[in-house]
Structures are given as structure tokens and as C-alpha cells.
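Some notes on the structure that comes next.
The values are calculated or read from the model by the stated rules, or taken from the named source; none is laboratory data. As the structure is a computational prediction, the values presented were derived from the model and not from experiment. Don't worry about glycine lacking a Cβ; one is built from the backbone with ideal geometry, like all the others, and counts go over all protein chains shown. What goes into the accessible areas is simple: the full protein's heavy atoms, side chains included, and nothing from ligands, DNA or RNA. Shrake-Rupley method; radii C 1.70, N 1.55, O 1.52, S 1.80 Å.
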Amino acid sequence: MKELFTIPEIKVTPFPVKEGDAVTVACQTNLSPYRPEAELQFAFYQDGQHLQSFGSSDQYGFQSAKQNNSGKYSCEVSGRKIRKRSKELNIEIHGSSVRPVVTFNPNWDKIFTTESLTMTCDMRSPISANITYTWYKDYNQIHTGQSFAIHDANTGNSGKYQCKGTNTGISDPVRLDVSNDWVILQAPLYVHEGDNVTLRCHHYPTYSGRETIFYKDNVVIRNWGSDPELRINNINLRESHGYKCTKEVYHYFLHYKHSGGTSIPMKELFTNPEIKVTPLPVMEGDNVTVTCRTKVSLYRSETELQFAFHKDGRNVQSFSSSDQYGFQSAKLEDSGKYYCEVKTETVPGRMIEKRSKELNIDLNESFTQPEVIMTPNQMTEGDNITLTCHTVCGLLIPKTGLEFAFYRDGQKIQEFSLSNQYGVQCAEPKHSGNYSCKVRSSTNKLSRSSEEFYIQMQERFSKPEIEMILDVSNQTILTCSTNVLRDDEELQFAFYKNGQNIQEFNSSQRYLVPSAQVDNSGKYYCEVRTLTNSVKKKSEEFTMDKQGDHHNLFINRGLNNS
């Protein structure tokens, strides 16, 4: 049974995909070389929903990629009522290579009415001198210029602010709150896990304030004091909520106790890592790359990360700056559950470490260990023999992707080729020996050898022996004797003197030396052959002197002349 076409695999170009890229998603499959005329149809899906119905094109594309193009893509191939579907490929659209960041001065996420604040559109990379900046508030355009200043703020200035430059992506939105309360708890605009953070218990301008209390989850963490700021070292995500402060503010000739609270707008320094493997699926013999993917915060792009890799709970690559771990010519024992760890230590003692989920990498066997099979199942002299190098291909490898070579007694007798057979024509004793074969993949050169298979060629008949005997009437007779393997074997015999044929091939094993001949001396030998002449053997030479004077022992066996 042969596959009409292989299980399809989905590929994306370019990779990785950035916003604005022209993207091509291809559905790759291999058609059986024995059915090249078969017509295939292709369909594409995103997150399980139809993108492109069945058609003759094996590609689906979109121009100027957007974030909503991200998703899990798959394809389906149909031909002759057979359908096969690819595994899903997660295509993630990355933002433009240059995205600005909004910064505040002073760097607080809340201010009071009547206060001032300046926003800057920071490109954080070398830019053209004549770039144009555009500002947005709550997604509506409000201003042009690299900076946007708010003077004598009012509550209407509260909202989400973004900016962009010419031919760049747009910044992430940042929230500014403008309050007219008596007390607010201020936090820096960008706080990342692991940071040392300062919170300020701030009272309304032009009024005087004193004695501040700080709370966490309604529990006092710093009692009355004149310092309006609270410093938090090595903050983590769990600590970013539940902060509050109270402060006495002097107005109308009295000090009144007012409070303000905040949730610190924490950002991840880097995302939880995700482990990826290339190629997928993994075949034996492939060169495999395992990648630990994470994203560093746009606001901390200078952060240096360290990566480590584990297999089945055992460390296989210690922490280093490389986000990849690889192995060459993958073996079945490389299968297992892999995960990676990412850490950073910006300041000694302030380490952030995150671990990916496990990814089960299951290697697919390319082909089984081969074995040599002989047809017919025994080698007899003169036969035509076929040796087959038998192996079973894995589901994901085309049978046409294998090459075969044959060996006898460790010496190569047939170079690698697409043929898995080796033929022996008119077998001879020299063809006996230990036979083996080797199979290799034409793509990754993975190879496997069979065990040796000993083949002993059986002789159909033994080398003949020529003898001279005398019958009762003193006539000289030459006989050609051989041992036959099969009782039903029909042989023919011929005799020669001094290299000249003196009796053509026939069924008789005897030659009567003519008594009337004056001189019968010379060198005699005989030949034996099968009826088809596939096997022919020659005896040793026998020397005869003049009659009555022989070098060889004559044996009178009492044979008659018949």
C-alpha cells in the first residue's frame, strides 16, 4: 500500500512575521511518484475557521500583516476522495521593528488638577531628523510634535495617550489620571517586576500636609512619619496591588485626614517563555533546533537574559546567552519532554526566573532496521538469485527518499541507489558469503545496516573426475564421474584429448578409446554441464602413454563394452 500523498505541512514566509509584511502560507505535500497525474485540492484555516475553500492553489497569502492575522493556521489536502490535514502552526504577527514609547515628566501616573506634565514620544533608537510625530488621546488625534505638554491640568485631561512617528508603529497606550481629591498615591509610569519602586503620598497643591501612614491590604506597613514616599525593593507581580496611604492636610484652619490608593501598573520584564522545535514533526536523522521564545518588555529592551534547557527533568544545557539548544542527526532516544528556563539578574540578589511549559518532542522513526531476503530462499549453482533489502518506511517519509547499498563479506558490491535489490546471475561458488545491506535517507543521510545473512551456494554437481578402466576384452574406457545434488538432475558429458573434442556432449559418462588407433597417448579430460549449459565443470587432465605403458593405475572393473 502506497500513500497517494503525504500528510501536509504548513509553512509561512517570511518568518518571523512583522506587522506590514506580505505573508505567504504554503501547504506542502509530496505526491506519489506512481500517481503524478493525481490532482490535489487545498484549503486553509485560521483558528479552525475557513480562510480559503478547496482550490488548486497550495498557497494562501495576505498583504500588510496586522495583529488580527495572528493565529493557529492549518491546511487540508484532498485528492481522489482522500483527505489529510496538517498540524496547526501558530503564526504570531510581531510589531513593527520601531515602536515609540510614551514617557512622562514628572514620572507619575497621577497628578492633581492645576499641575503640569510633559509627555515625550521616545523612539528609543536612531531616527531620521525630519520625522513627524502624531499624538492620540483615547484613540483620537490631538497633537503633532515630539512632545505634548499639559499645563494647569483638569480632569478632562485624564485618558489613554499614544504617539507614533512617520512610518513607525503606534505606541502602547498609557493612562494618565488627573484628580481633584485631597490626597493621591502616585506610582511611576512604568514599573517592572524586580524593580525598586518609590510610591508618593501626594496632597493637593497650595495646601500643607503632614504625617503619612502607608498600608498594604489594609495593614499598616509604615506608621506616622514626615516622609511622603515609600520605597519597595525588588517588587513582584503579587505585590503590585492593595497599597494605600493616609495623610493630614491643613485646610479651613484644621488638619483633616485624607486617603488615596493605587494599584501599581506592573509590567512583565519578559514574558513566560515558550519552547519551540524546528523542524516539526521531527524525523530521525534531522538536525533539530529547540528555541526558548520570550519577549523582553519594550521599555527594557536592554535587558540581558540567560537561557537553560531541560529534558525529562534533566539539565541538558546550562544557563547561557543562547536561546537555542540543538542536536545533530536526531535519534529515537532524543524523544522526551523538553522545557526551558529564562532568568535575568540586573542587580545581585534581584533575580527573575521563569519556566516554560513542557513540550513533548516525539521523534518519528524514518525506517526500520533492514533485513536481507533472498529469492529463491536457497542459492544453487547456476541459479539467478535476487537479494532484497527490506525495510518499512515511517508514515512521514516518502519511500522514494531511501537509498540502498549491498555488501558481501564487508566489501561493497553495489553502490547506493534507489533500487532495493541486488541480482546474482548464474551463481558460482565464489558468490557464497556473508551478505548485508545498508539503507540511508537521501535527505538527512540517516543510515541503518542489516545483520549479516550467510549464503552458502550449493553445488549442483561436484567437479568431475576422469578415470581409465579396462573391460574384460582389454578395451580402454574413460569415465567421467561426478556427484549430483538432485536425483532428477540431467547432465551431459564431453571428452577431450590434447584440447581437441573427441566426443560431443551427450548423456553418456563413458568414452571408448579406439583400439585400432596406433597411438592413444595424450592428455585427456572431460567436461560436465547441465542441459541449459548454465553450469559447466572440467576435470583435471589425465595423461595416457602408449598402450600398455600408463602412468596412471588401470583398474579392471569387469565392465563390458556396452
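For the range 405-476, the strands (runs of 3 or more DSSP E) that sit wholly inside it and include 2 or more residues that are open to solvent by 20 Å² or more (accessible area, probe 1.4 Å) and under 21 Å from E371 (Cβ atoms) are 411-417, 421-424, 433-441, 447-449, 453-455. Counting only residues that are among the aliphatic types (A, V, I, L, M) and not in a strand (DSSP E or B), which one in the range 143-197 is farthest from the chain's Cα centre (by Cα)? If we take residues in the range 143-197 being among the aliphatic types (A, V, I, L, M) and not in a strand (DSSP E or B), then A153 is farthest from the chain's Cα centre (by Cα). Quick check on my filter: what residues within the range 283-304 are within 30 Å of E333 (Cβ to Cβ), modelled with pLDDT of 85 or more and not polar (S, T, N, Q)? Correct list: V288, V290, C292, R293.
Screening the candidates N272, N236 for the property of being open to solvent by 70 Å² or more (accessible area, probe 1.4 Å) and closer than 28 Å to P173 by Cα yields one hit, N272. Within the range 230-275, the residues that satisfy the criterion of being outside any strand (DSSP E or B) and more than 49 Å from the chain's Cα centre (by Cα) are Y252, F253.
Checking S436, S481, S442 one by one, the residue that is closer than 26 Å to F493 by Cα and among the polar types (S, T, N, Q) is S481 and no other.
Residues considered: I221, I232, I213. Of these, the only one that is without any contact (Cβ under 8 Å) to a residue 24 or more places away in the chain and of a type in the set (V, I, T) is I221. Screening the range 297-313 for residues that are open to solvent by 50 Å² or more (accessible area, probe 1.4 Å) and either touching a Gly at 6+ places or on another chain (Cβ under 9 Å) or aliphatic (A, V, I, L, M) (or both) and picking the one that is nearest to R440 (Cα to Cα) gives D312. Residue check: is F367 over 28 Å from S450 (Cβ atoms), aromatic (F, W, Y) and either open to solvent by less than 50 Å² (accessible area, probe 1.4 Å) or in contact (Cβ under 8 Å) with a residue 24 or more places away in the chain (or both)? No: the conditions fail for F367.
Please verify whether F44 is in contact (Cβ under 8 Å) with a residue 12 or more places away in the chain, assigned to a strand (DSSP E or B) and open to solvent by less than 60 Å² (accessible area, probe 1.4 Å), treating the condition exactly as stated. It is true that F44 is in contact (Cβ under 8 Å) with a residue 12 or more places away in the chain, assigned to a strand (DSSP E or B) and open to solvent by less than 60 Å² (accessible area, probe 1.4 Å).
Taken over the range 146-189, residues that are farther than 19 Å from T114 by Cβ, open to solvent by 30 Å² or more (accessible area, probe 1.4 Å) and not hydroxyl-bearing (S, T, Y) amount to 8. Do we have any residue at all in the range 318-325 that's in a loop (DSSP other than H, G, I, E, B), in contact (Cβ under 8 Å) with a residue 40 or more places away in the chain and surrounded by fewer than 15 Cβ atoms within 10 Å (Cβ to Cβ)? No, the range 318-325 has no match at all. On inspection, R124 fails the criterion of being open to solvent by 60 Å² or more (accessible area, probe 1.4 Å) and under 30 Å from the mean Cα position of the chain (by Cα). For the structure I just gave you, tell me whether I131 is within 21 Å of P265 (Cβ to Cβ) and among the β-branched types (V, I, T). Considered against the rule, which asks whether it is within 21 Å of P265 (Cβ to Cβ) and among the β-branched types (V, I, T), I131 comes out as no.
Out of K267, K337, K311, K295, I need the residue that is closer than 24 Å to V197 by Cα, free of Cβ contacts under 8 Å to residues at least 40 places away in the same chain and of a type in the set (D, E, K, R). Which one?
Residue meeting the stated conditions: K295.
Take F404 and tell me if it is closer than 30 Å to T530 by Cβ and hydrophobic (A, V, I, L, M, F, W, C). When the stated conditions are applied, F404 does not pass them. What is the residue count in the range 336-350 for residues that are modelled with pLDDT of 90 or more and buried (at least 17 other Cβ atoms within 10 Å of the Cβ)? Going through the range 336-350 one residue at a time, the tally reaches 6.
For the range 427-444, filtering for residues that are more than 19 Å from T530 (Cβ to Cβ) and of a type in the set (K, R) leaves 2. The numbered conditions (1) in contact (Cβ under 8 Å) with a residue 24 or more places away in the chain; (2) assigned to a strand (DSSP E or B); (3) open to solvent by less than 50 Å² (accessible area, probe 1.4 Å); (4) more than 28 Å from R175 (Cβ to Cβ) are all true for D286 except (2). Residues of the range 503-537 that are in a strand (DSSP E or B) and surrounded by fewer than 16 Cβ atoms within 10 Å (Cβ to Cβ): E504, N506, L512, K523, K536.
Each residue in the range 63-88 was checked for being touching a residue at least 40 places away in the same chain (Cβ under 8 Å) and open to solvent by less than 50 Å² (accessible area, probe 1.4 Å), and 10 pass.
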